[in-house]
Amino acid sequence: MKNLILSIILTVFVCSMFAQENCTNAVKIEFDEYSTCGQIAITNTDLTGAVPSTDLPYPTCGNFDGSTNDLWYYITVPEGVSELAFHVFNAPLIIDIDILIHKPSLAIYSGSPEDLSLLNCFYNEGGPYANGEIRFETVDELTPGENIYLRVWDMDNSAFPFFIAASVRTEIPEHSCESPALLGEGGCNILAPEGTIDAPEQCNWNVSDNTIYYYFVVNPSDPQPVIIDATYIFCFENTGGDVNIEETELQMALYKWNGKDCSWIGGSPNSIPPNDSTYITCQNGTGSISIEENLNPGLYMIALDGYSMISGTSLCTFEFSMNTSNEIICPEDTILCHSSAPLLLDIAQPIGGEYTCTNTPDAIIDNFFDPAVCSGPQDIIYSLGPFTCGFTIYDAMYPSSVPDIEICLVTVTENNKNKVMWEKPITDSLEEFHIYKFDGTDFSFYANVNYNDESTFIDENSEPQNQAYRYKIAGYSTCGYSSELSDFHQTVLLNITEETDLWYLSWIPYIGVDDFTINILRGTTPENLEIIESYGSDVTEYYDNNPPEGFVYYQIEVVLSTPCDVGKSTSKLYSNVATNNPDYYILLGTNNLQNKLNYKLYPNPTSQIFSISLDNFPVKVQIYDTFGRIVKSINNYSGEQIDVSDMCKGIYFVKLVDKNEITVDKLIIE
């Protein structure tokens with residue numbers, strides 16, 4: 001509102017609640033919720049027509065005597081409240097023959113109208129051309145539910161319209177640009193003082209009255225332009241009732257903010273002194289206004305004020321909305337090697353804030369984190385103005401920080417390849433898993449699997465029908481530390497021998513798990529294997545006295561007592577498939593078997609050498625005997641002659657593998 005009101009247009013104010021001339025007839029002021037201002041008991045009143053009251057004890061301040069005209073009100077202390085703040089404010093500055101200055105006084109009583117106890121007395125004499133105001137004067141040690149009596153008067157016995165209020169909030173930081181509030185969904189300037197910043201001298205904002213302040217942040221991921229809407233919800237009128245919001249003008253100015261204090265908040269390039277460093281824009285309007293600006297990542301403050309001419313005041317509640325997240329962004333938790341050079345912390349957004357380490361304060365100097373001065377997880381706090389977020393840096397210092405890994409099981413896939421499986425620990429210290437394979441003398445590093453991949457490894461070079469394989473595993477950290485090698489697991493190797501009217505099965509048992517049972521599977525194709533017998537883990541041979549005629553297929557199924565959880569739970573592993581079908585292992589996994597490959601092998605038959613004619617080279621060449629064993633293998637074959645003079649006479653199978661297909665045909669050596 002504007003306090004300067006010429007007497008020639010001064011209207012007669014009527015009290016919204018006329019208080020009687022003594023405490024017995026005091027008018028009650030009810031508490032209501034007013035958005036972010038909280039619970040307030042407030043009314044507008046006028047000393048016009050007031051008369052002296054004789055209730056004792058008399059106030060001890062504000063020039064009170066037996067001739068002082070006063071008014072009485074009372075409030076009931078809300079539940080759970082023991083302290084209240086009291087206010088008398090917002091009188092107009094009246095210019096008549098002389099300038100009348102409102103000098104409000106307020107006495108607070110407990111007890112009853114017949115037996116009052118003076119709790120405190122407040123007054124404010126104002127200043128030259130400035131009305132006095134009583135704001136946020138607190139009285140404590142109150143009892144919830146008791147009645148508190150308010151006696152109000154003017155030190156010079158002048159008659160003014162004004163507001164009287166009691167609030168549960170004893171301070172409201174957003175009344176000062178030194179302590180703005182986070183911009184949320186609601187706001188309130190009912191109790192805000194005047195003159196806290198220089199008016200922008202823009203958007204019809206020439207005097208700073210009842211201004212409040214809110215801050216917000218823009219980060220790089222927020223949409224542009226940034227949109228901030230402010231809408232009036234409820235406003236008071238000095239003459240009683242609600243003010244016409246359509247006639248109440250809202251003024252909103254936008255500033256860049258340093259996140260610390262009120263430096264260069266207020267004014268604009270047009271003000272005196274000018275502000276051309278932090279001022280961005282100002283908007284005004286009635287009912288609802290909006291600011292739309294493309295804003296760089298960083299901190300900002302909005303200042304809100306209002307104006308309503310004679311018909312009312314700018315004491316209102318309102319709603320906010322904005323299209324940004326209004327939060328800063330911290331990075332994900334990370335791992336840093338203890339031996340690493342100091343790391344510049346510059347990944348939180350928006351930039352420009354400060355990092356602190358709560359565990360080891362000396363670990364961060366000038367936003368550089370030095371892992372050498374700390375050990376273990378370090379909690380990092382990033383602060384940008386009043387905004388904070390946190391993340392953790394895990395200091396990988398010792399091999400003990402890498403958890404031990406154990407193999408669950410090693411099985412044979414449908415494509416006759418060994419598959420190593422393990423349970424993945426939930427940890428931030430691992431980068432990958434290392435697979436070790438027994439080479440006949442020792443376990444050597446064989447392959448690595450990224451931590452984020454499925455915790456399985458398929459050994460494409462394995463031939464589980466020819467030998468039992470042993471594997472170990474270890475975890476490997478981002479800093480180069482490795483866990484201890486696990487115990488080894490050994491695959492099951494199944495062999496079959498044909499005897500008179502039966503098949504003899506023998507197998508090298510599984511090693512790596514103690515508690516398991518086995519099932520012997522049999523079928524006339526690899527797809528219809530069924531259990532024919534079950535045994536304990538100590539059995540390693542079996543006679544099949546009633547085998548089917550023709551091709552027969554066998555496999556050992558190992559059932560673990562404790563399942564392995566790799567994506568989904570599994571408790572079974574398998575040996576190779578053993579069969580009397582000489583083509584099974586040769587043709588296994590072929591995508592495109594071409595029966596007319598003879599023209600590509602020449603000479604065929606041969607006794608010394610042969611070559612392969614193909615359209616595309618290079619390819620991988622594998623030569624199998626009729627037992628499915630690889631007797632010769634050539635990587636990156638490009639059409640050269642292949643020497644087979646050291647191979648026995650007989651039938652062999654040549655498998656060609658390229659990136660598009662696998663093809664197989666017979667080679668005869670004479």
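Remarks
- Each Lys and Arg Cβ is given +1 and each Asp and Glu Cβ -1; about its Cα centre, the chain then shows a dipole of about 2180 debye.
- Average projection area in nm² (convex hull over Cα atoms of region 416-465, one quarter of hull surface): 4.1
- Per residue, the accessible area of the chain comes to 46 Å² when a 1.4 Å probe rolls over the protein heavy atoms.
- Hull volume in cubic angstrom per residue (convex hull over the Cα atoms of region 133-185): 170
- Take the convex hull of the alpha carbons in region 97-148; its mean projected area over all directions comes to 5.1 nm².
- Backbone N atoms of region 529-570 closer than 17 Å to the 7 Å Cα→Cβ label point of residue 423 belong to residues 560-570.
- The order of 410, 559 by accessible area, most exposed first and with a 1.4 Å probe, is 559, 410.
- Note on residue 256: lysines with a C-alpha under 30 Å away, same-chain residues under 8 apart excluded, are 2.
- Solvent-accessible surface (1.4 Å probe) assigned to residue 600 amounts to roughly 30 Å².
- Accessible surface of residue 541 - all protein chains present, 1.4 Å probe, nearest 10 Å²: 90
- The 1.4 Å probe gives accessible areas that order 156, 276, 209, largest first, as 276, 156, 209.
- A simple packing score, the average count of other Cβ atoms within 10 Å per residue, orders the peptides 182-191, 440-449 as 182-191, 440-449, with the highest score first.
- Charge tally in the Cβ shell below 11 Å around residue 418, where Lys, Arg are +1 and Asp, Glu are -1, residue 418 excluded: +1
- Across the alpha-carbon set of region 255-410, the Rg to Rh ratio works out to 1.19, Rh being the Kirkwood radius.
- Of the cross-linked pairs 600/649; 419/649; 437/632, those separated by over 28 Å at the C-alpha level are 419/649.
- Residue (of 614, 360, 138) at the positive-pole extreme of the chain, dipole from beta-carbon charges: 614
- Computed across region 138-295, the Kirkwood hydrodynamic radius from all distinct Cα-Cα pairs reaches 18.2 Å.
- Helix-only [θ]222 nm of the chain, DSSP H runs n ≥ 4, -39500 (n - 2.57) each, per residue, nearest 500: 0 deg cm²/dmol
- Per-residue 3J(HN,Hα) values for region 43-50, derived from phi via the Karplus relation 6.51 cos²θ - 1.76 cosθ + 1.60 with θ = phi - 60°, read 8, 9, 9, 8, 7, 4, x, 5 Hz in sequence order (x marks Gly and Pro).
- Cα pair distances in region 348-450, grouped into 10 Å bins until the bin that holds the longest one, percent each: 12, 29, 22, 17, 13, 6, 0
- Of the solvent-accessible surface of the chain, computed with a 1.4 Å probe over protein heavy atoms with every protein chain present, carbon and sulfur atoms account for 47 percent.
- Residues whose amide H comes within less than 5 Å of that of residue 667, counting only those at least five positions distant or on another chain, are 652, 653, 654 (H built at 1.01 Å from N in the peptide plane).
- Calculated on alpha-carbon atoms, Rg and Dmax of the chain in Å: 44.4, 139
- The distance separating the Cα centre of region 425-500 from that of region 341-404 comes to 36 Å.
- The convex hull built on the alpha-carbon positions of region 290-381 has an orientation-averaged projected area of 9.3 nm².
- Largest first, the three principal axis extents of the alpha carbons in region 131-230 are 55, 36, 21 Å in whole numbers.
- In region 48-161, the C-alpha radius of gyration followed by the widest Cα-Cα span (Dmax) gives 14.6, 49 angstrom.
- Residues whose amide H falls under 5 Å from that of residue 137, counting only those 5 or more places apart or on a different chain, are 86, with hydrogens built in the peptide plane.
- Each residue was assigned an accessible area with a 1.4 Å probe, and for residue 55 the value is about 20 Å².
- Normalising the average separation of contacting C-alpha pairs (under 8 angstrom, six or more residues apart) by the number of residues puts the relative contact order of the chain at 8 percent.
- Annotation: amide H-H contacts under 5 Å for residue 306 (H modelled 1.01 Å from N, sequence separation of 5 or more, or interchain): 209, 251.
- Across region 54-61, rounded Karplus estimates of 3J(HN,Hα) from the backbone phi angles (6.51 cos²θ - 1.76 cosθ + 1.60, θ = phi - 60°) give 10, 5, 10, x, 5, x, 9, 8 Hz, Gly and Pro being marked x.
- Across region 483-492, computed HN-Hα scalar couplings (Karplus, 6.51 cos²θ - 1.76 cosθ + 1.60, θ = phi - 60°) run 6, 5, 4, 6, 5, 7, 10, 10, 6, 8 Hz from first to last residue, x flagging Gly and Pro.
- Accessible area per residue (1.4 Å probe, heavy atoms of protein chains only) ranks 257, 422, 264 as 264, 257, 422, with the largest value leading.
- Counting Lys and Arg as +1 and Asp and Glu as -1 over every other residue whose Cβ lies under 10 Å from the Cβ of residue 228, the net charge comes to -3.
- Fraction of the pair-distance distribution of region 391-544 above 29 Å, Cα-Cα pairs, percent: 30
- Scattering profile of region 510-643 at q = 0.17 Å⁻¹ [log10 I(q)/I(0), Debye over alpha-carbon scatterers]: -0.99
The values are calculated or read from the model by the stated rules, or taken from the named source; none is laboratory data. The shown structure was predicted, so the numbers you read here are calculated from the model rather than taken from an experiment. Neighbour counts are summed over all protein chains in view; Cβ atoms, including those assigned to glycine, are modelled from backbone coordinates with ideal geometry. SASA here: full protein model, heavy atoms, side chains in, ligands and nucleic acids out. Shrake-Rupley method; radii C 1.70, N 1.55, O 1.52, S 1.80 Å.
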